1. Out of the stretch 92-148, which residues are at pLDDT below 85, surrounded by 14 or more Cβ atoms within 10 Å (Cβ to Cβ), under 13 Å from residue 82 (Cα atoms) and aliphatic (A, V, I, L, M)?
2. Within the stretch 62-71, how many residues are of a type in the set (D, E, K, R) and surrounded by 10 or more Cβ atoms within 10 Å (Cβ to Cβ)?
Amino acid sequence: MAANGSALAPTAQPQPPSSRRFRGEHLRRLYDKHFGERRKERQLFSTGAFFVTFATVRAITHAIRAERGPFRNVTPGGRHIHHMTFGITGLLTVGYLWLLEVGTDQQRLGSRITSVVYGAGAALTLDEFALWLNLEDDYWNKQGRESIDAVVLFGSLLSLSVLGRGFLRELVRPEDWHA
């Protein structure tokens with residue numbers, strides 16, 4: 001209260017931008033700088049989908065084997081359908097769409113969707129690499145390790161193509177955020 005008993009009106013002073021908003025804007029600028037080009041964004045989305053799908057399918061297959069949760073093998077007519085079948089179907093579909101130049105440089109949504117399907121298809125297929133290498137269902141055997149090796153190699157290649165040189169460096173160096 002003022003000396004005369006009246007309430008003081010709050011003065012409107014400019015507030016500094018919130019730290020969270022500033023970080024969000026900085027992250028958006030970094031994203032646009034490093035992944036604004038559709039080709040680089042497709043690499044990012046494919047890589048993300050690859051690793052998420054691989055982790056998910058491994059968790060589901062372990063749950064199926066342990067007979068936990070709602071998951072079951074896909075066995076229409078008594079024939080086991082391996083998840084690599086869905087991966088190959090996804091890869092063939094995306095390959096055909098990209099031949100038609102669907103999802104390459106037109107609409108951003110189409111580019112993102114085909115990239116995610118590509119990454120997921122690659123993960124589903126490579127997760128059963130040992131099966132197509134040895135022509136045996138050795139997912140749980142010692143030879144099944146070959147699938148993990150294939151996933152690590154391909155995932156590393158995808159990761160290197162996405163990250164390039166500068167994105168992570170700029171992401172972790174806050175002193176460069178004001179530039």
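The values are calculated or read from the model by the stated rules, or taken from the named source; none is laboratory data. In this text the structure is predicted, and so the values were computed from the model without any measurement. All Cβ positions, even for glycine, are placed from backbone atoms using ideal geometry, and neighbour counts span all protein chains on display.
1. Scanning the stretch 92-148 gives 130, 131.
2. The initial filter retains those residues of the stretch 62-71 that are of a type in the set (D, E, K, R), namely 65, 67-68.
After this cut, where a residue has to be surrounded by 10 or more Cβ atoms within 10 Å (Cβ to Cβ) as well, the list is 65.
Summing the residues that are of a type in the set (D, E, K, R) and surrounded by 10 or more Cβ atoms within 10 Å (Cβ to Cβ) in the stretch 62-71 gives 1.
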